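Below is one structure, written out as structure tokens, with a few remarks after it.
The values are calculated or read from the model by the stated rules, or taken from the named source; none is laboratory data. Since the structure is predicted, the reported quantities are computational estimates derived from the model, not experimental observations. Glycine also receives a Cβ, built like all others from the backbone with ideal geometry; neighbour counts cover every protein chain displayed. Areas reflect the complete protein model, heavy atoms only, side chains present, ligands, DNA and RNA absent. Shrake-Rupley method; radii C 1.70, N 1.55, O 1.52, S 1.80 Å.
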Amino acid sequence: MEFLSGRARLKAGDRRELYPHSLQFYLEAPTENISLVEFESLAVDRLKLLKAVENLGVSYARSSECYKTKLEAELRKLKFPYKALAEDDYEARRKDHISHFILRLAYCQSEDLRRWFLQQEMDLLRYRFNQLTASLRQKFLEYVNLSFEAVSEDLKNELADELCASTPGFSMIKVKEQMFYKVGLADAVDLFRARRVFVMEGFAYVPLKDVDAIVLNSYRAKLSKALALTARSLPAIQSDERLQPLLKHLSHAYVGPDYSVQKNAGKISLEEIDALSVRSFPLCMRQLHRALRDSHHLRHGGRMQYGLFLKGIGLTLEQALDFWKREFIRGKVDADKFDKGYAYSIRHSYGKEGRRTDYTPYSCMKIIMSNPPSQGDYHGCPFRHCEPELLRQKLQACKVPPAGIAQILELLKGMHYQLACQKYFELTHEVDDVGFSLSHPNQYFTESQRLLSGAREGKKEPSSPGNSQQKTVRQESKNVSSVPTPSSTAAAAELEGLEAYFTED
Ligand code: SF4
């Protein structure tokens, strides 16, 4: 395959022509050739950015200084355009453009993915639009055919009384401070209907704070339509054997370590697992452990999810065989059936059979986005897959206070499953700020252990009974900024093959 890049040939004038503004509605798809390596790296960086947007949007008010400072820092770090005034930030604009279209391909594949992508892109655009200077904002509006004319200072002063009376929440001082735009009635129909705007000679006089809502509405409509159209062309894209696994991986991807390295092997004993499941397991693994102890069996989805998690926290192959066998033979499976039917698949997941792949524990995105549980299953993410009432009961059983349960359920209304899990971490560890961005059940475990062993500061004194009996396991903190590489993509694809070995219920 030939890897070309057209950008080296572009002169400065051409570059400016290609991206005249730092901000765009992403109406034209990129046409240059890029390598698969760059394709994946651009996509992973945008995914990191959108995850930061999601996290910040839940942690801070979007208009707060803290939100703006942190988001700017994230844009700088990932080298996306952050200063609208920068003369030649061609590379950043190009990255912004191409990476948006790649994730559009990856995130058009289901209703859930589309909704998540749309929400984060909208928040990103809102922030970036509000960062523009008045003149750049004007240029951008013209560029995207929303040519609203800024009301001159003289005219604004002349109409100050009317603007103040017709714009809810606006005092005379605020009218003087804010910019107003002359907007055609068709674009301001919602404000007009709600009588929230001053109208004169066929134009609505809209304050800046409401113009951003009009811009976002227009962007939402365009992006929703584009996502639906992209989804229709998916079959053609999926037939490309180079892109298909990359896109599938990206939509399940998370941007953290894959916990495949058995650094922790042998660091926990089987006797510790019950206590650890209460203290340091995320809710998904805690419920799997409980179900296993209660029914002495898990169906294959549960064995896959839980078995690889246990491997990630340090169970050796010998321990895993012992652990599953001890539990299964207390149920309906005898030792002989276990050795013939289940032991092979456990050895396989440790890379000792078949293709000898060292399989990695599932990330949150994989658990949330694939293989939803059916009746009798215990795998999946309780924050994504449980009915609110059932989840409430589970949280009550975990001694989460009612106010905390309400906060978690509120987060779920916005489909912030991992943020709900972070809140669960805060409440069950009695910390004010989780201090990390959750993307993996094994990360949850590692962070919990760091906190409980005192390696991380910020923990309040635990108050729940029995805490003193819980033993913490030392685990190395991992570098959360590592990214999936093409090889991890291959591993993810191979993982699908492993599931065939676990089909026996
Ligand atoms: Fe498990 Fe992740 Fe869901 Fe938390 S968000 S319960 S760690 S899958």
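Using a 1.4 Å probe on the protein chains only, how many percent of the accessible area of the stretch 140-215 belongs to carbon and sulfur? Spell out each step's value before the answer.
On the way: 2060 of 4080 Å².
Here it works out to 51 percent.
Accessible area per residue, 1.4 Å probe, Å², for the stretch 322-412: what's the number? Working shown, then result.
Details: 4780 Å² over 91 residues.
The answer is 52 Å² per residue.
Pull out the extension gain between SER233 and ALA265, defined as 0.36 nm times the separation in residues minus the alpha carbon to alpha carbon distance; nm, one decimal.
Working: separation 32, 0.36 × 32 = 11.52 nm, distance 4.50 nm.
Extending this stretch completely gives an extra 7.0 nm.
Assuming 0.36 nm per residue, please report the length gained on full extension of the stretch LEU155 to ALA343 beyond their Cα-Cα distance.
Values: separation 188, 0.36 × 188 = 67.68 nm, distance 8.05 nm.
So the extension gain works out to 59.6 nm.
Apply 1/(1 + (r/R0)^6) to the Cβ-Cβ distance of HIS21 and VAL189, taking R0 = 41 Å, and write down the FRET efficiency to the nearest 0.05.
Details: r = 27 Å, r/R0 = 0.65.
E(calc), rounded to 0.05, equals 0.95.
Under the Karplus relation 6.51 cos²θ - 1.76 cosθ + 1.60, θ = phi - 60°, what is the ordered set of whole-Hz ³J(HN,Hα) values for the stretch 276-291, x standing for Gly and Pro?
4, 5, 6, 8, 10, 8, x, 4, 4, 7, 5, 6, 5, 5, 4, 5
Using 0.36 nm per residue, how much length does the chain from GLU142 to ASP240 gain when fully extended, once their Cα-Cα distance is taken away? Intermediate values should be presented prior to the final figure.
On the way: separation 98, 0.36 × 98 = 35.28 nm, distance 3.79 nm.
The span from GLU142 to ASP240 would gain 31.5 nm if fully extended.
Return the distance in nm (one decimal) between the two label points of a simple spin-label model at CYS164 and ALA275, each offset 7 Å from Cα along Cα→Cβ.
Using points 7 Å along Cα→Cβ, the separation is 6.9 nm.
Using 7 Å Cα-to-Cβ label points, what is the ILE173/LYS79 separation (nm, one decimal)?
4.5 nm
Cα centroids of the stretch 38-58 and the stretch 399-454: how far apart, whole angstrom?
Value for the Cα centre distance between the two parts: 21 Å.
From the C-alpha coordinates alone, can you work out the Kirkwood hydrodynamic radius of the stretch 140-215, in Å?
On the way: mean 1/r = 0.0813 Å⁻¹.
After inverting the mean inverse Cα-Cα distance, the result is 12.3 Å.
What is the distance, in nm, between label points placed 7 Å from the Cα along the Cα-to-Cβ direction at ALA335 and at THR31?
7.2 nm
What is the percent carbon and sulfur in the accessible area of the stretch 320-407, measuring with a 1.4 Å probe over the protein chains and ignoring ligands? Don't skip to the answer; put the middle values down first.
Values: 2310 of 4630 Å².
Roughly 50 percent of what the probe reaches on the stretch 320-407 is carbon or sulfur.
Mind jotting down the distance between the C-alpha centroids of the stretch 166-212 and the stretch 130-164, whole Å?
One Cα centre to the other: 10 Å.
Which links in LYS325/LYS352; LYS48/LYS267; LYS51/LYS95; LYS70/LYS95; LYS77/LYS248; LYS68/LYS95 stretch past 24 Å when you go from one Cα to the other?
Values: LYS325/LYS352 18 Å; LYS48/LYS267 31 Å; LYS51/LYS95 17 Å; LYS70/LYS95 20 Å; LYS77/LYS248 26 Å; LYS68/LYS95 21 Å.
Listed pairs above 24 Å: LYS48/LYS267; LYS77/LYS248.
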